[in-house]
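The values are calculated or read from the model by the stated rules, or taken from the named source; none is laboratory data. Predicted model only: the values in this text are computed from it and were never measured. So basically every Cβ, Gly included, is an ideal-geometry build from the backbone, and we count neighbours across all protein chains shown.
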């Protein structure tokens with residue numbers, strides 16, 4: 001169904017809501033019927049960003065599980081053209097095949113909240129690895145106290161890399177169970193980063209000069225289109241060169257809710273693995289993206305370009321009172337470009353602000369728990 005048809009259907013109001021409830025009831029019934037075939041003890045299903053890519057913490061856990069237990073049947077909800085390791089099986093997002101896989105898996109791993117109809121059965125385990133461990137934006141119950149989000153009722157394990165994330169699970173998911181606080185699996189590699197040349201080759205980026213990664217979050221008003229920066233990217237590259245005496249390039253990566261970054265010279269929005277782009281970069285410029293809480297693990301400078309009133313959602317904390325270096329306009333951004341040598345001290349302050357717990361071994365710890373559940377089935 002294309003966006004115009006979706007918009008038309010949503011415009012029907014009560015009719016749309018009624019059709020949506022019927023659809024959810026039918027899909028839920030289909031999953032219950034599929035589950036009647038029984039659970040496969042060695043099947044583990046993964047979903048990253050609702051099937052958009054084989055990436056993030058689900059991929060890190062899947063890789064650790066494959067190394068630990070090659071007999072595991074690893075299935076990803078994944079669109080056809082998305083790259084993935086050859087040892088996984090894939091099912092089209094939202095398809096009957098995916099619903100069957102999810103209904104008959106021993107373990108479910110997701111980094112997003114799931115459709116309301118997709119509930120966990122009693123003989124299954126559900127691991128949540130939320131994609132914004134140090135997120136700025138309020139989500140789920142914290143964003144909408146009338147949302148009725150069911151994930152927290154189903155989860156058996158929440159994976160976190162900070163005290164901040166644990167608190168978010170308690171309020172946004174209304175989850176009262178176990179939180180494994182050994183780090184976010186996608187961040188393991190940031191504690192054991194590739195050297196600069198390897199990282200840049202993996203991302204298809206220039207191997208010489210300095211790279212500033214511009215990675216803003218989405219705006220509800222511009223969802224589905226190109227993200228328009230609040231400052232000129234070409235100007236920023238020149239300002240960095242003038243401030244540091246080195247050659248800089250700006251690499252952009254839009255949120256998965258956007259198609260690209262308008263005006264970008266090097267756009268890597270379609271590159272699936274943000275952690276690799278961070279390893280390849282010398283500086284991060286963002287606004288309210290959770291990557292601002294991850295990048296300091298590399299002890300490299302991060303800057304927030306914060307335009308008051310530009311963002312439509314409520315935030316978990318006052319960014320002005322946080323340890324992040326903040327620019328409100330290009331002149332302030334230029335000043336911060338001359339202070340990049342303060343990064344190590346500033347990064348430690350940011351990590352402390354969130355109560356960060358990153359061991360570099362989180363994916364392995366989750367894989368061991370999954371293997372235990374496989375053997376108990």
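With the requirement that a residue be modelled with pLDDT under 95 and part of a strand (DSSP E or B), what does the stretch 205-222 give you?
Across the stretch 205-222, the qualifying residue is only 214.
Restricting attention to the stretch 108-124, and to residues there that are outside any loop (DSSP other than H, G, I, E, B) and closer than 16 Å to residue 31 by Cβ, which single residue is nearest to the chain's Cα centre (by Cα)?
110
Out of curiosity, is residue 148 at pLDDT below 95 and out of contact with any helix residue (DSSP H, G or I) (no Cβ under 7 Å at 6 or more places or on another chain)?
yes
Does the stretch 108-129 include one or more residues that are over 19 Å from residue 157 (Cα atoms), touching a strand residue (DSSP E or B) at 6+ places or on another chain (Cβ under 6 Å) and surrounded by 21 or more Cβ atoms within 10 Å (Cβ to Cβ)?
no
Output yes when any residue across the stretch 259-279 is in a loop (DSSP other than H, G, I, E, B), under 12 Å from the mean Cα position of the chain (by Cα) and farther than 19 Å from residue 199 by Cβ, and no when none is.
No, the stretch 259-279 contains no residue that is in a loop (DSSP other than H, G, I, E, B), under 12 Å from the mean Cα position of the chain (by Cα) and farther than 19 Å from residue 199 by Cβ.
Take the residues of the stretch 305-328 that are more than 21 Å from residue 142 (Cβ to Cβ) and in contact with a strand residue (DSSP E or B) (Cβ under 9 Å, 6 or more places away or on another chain): which is surrounded by the most Cβ atoms within 10 Å (Cβ to Cβ)?
305
For the stretch 339-377, how many residues meet the condition of being at pLDDT 95 or above and outside any helix (DSSP H, G or I)?
8
Run residue 159 past the list (1) over 21 Å from residue 60 (Cα atoms); (2) touching a residue at least 60 places away in the same chain (Cβ under 8 Å) and report the number of the one that doesn't hold.
Of the numbered conditions (1) over 21 Å from residue 60 (Cα atoms); (2) touching a residue at least 60 places away in the same chain (Cβ under 8 Å), the odd one out for residue 159 is (1).
Those residues that are surrounded by fewer than 17 Cβ atoms within 10 Å (Cβ to Cβ), assigned to a helix (DSSP H, G or I) and either out of contact with any strand residue (DSSP E or B) (no Cβ under 6 Å at 6 or more places or on another chain) or on the phi > 0 side of the Ramachandran plot (or both), I need them from the stretch 223-250; list them, please.
234, 235, 238, 242, 244
Looking only at the stretch 288-312, which residues are part of a loop (DSSP other than H, G, I, E, B), in contact (Cβ under 8 Å) with a residue 40 or more places away in the chain and either farther than 24 Å from residue 56 by Cβ or in contact with a helix residue (DSSP H, G or I) (Cβ under 7 Å, 6 or more places away or on another chain) (or both)?
Matches in the stretch 288-312: 299, 300, 301, 307, 310, 312.
Kindly establish whether residue 216 is loosely packed, with under 15 Cβ neighbours inside 10 Å, within 23 Å of residue 279 (Cβ to Cβ) and assigned by TED's automatic domain parsing to the domain that holds residue 303.
No: the conditions fail for residue 216.
From 170, 174, 100, grab the single residue that is assigned to a helix (DSSP H, G or I), closer than 22 Å to residue 317 by Cα and at pLDDT 95 or above.
170
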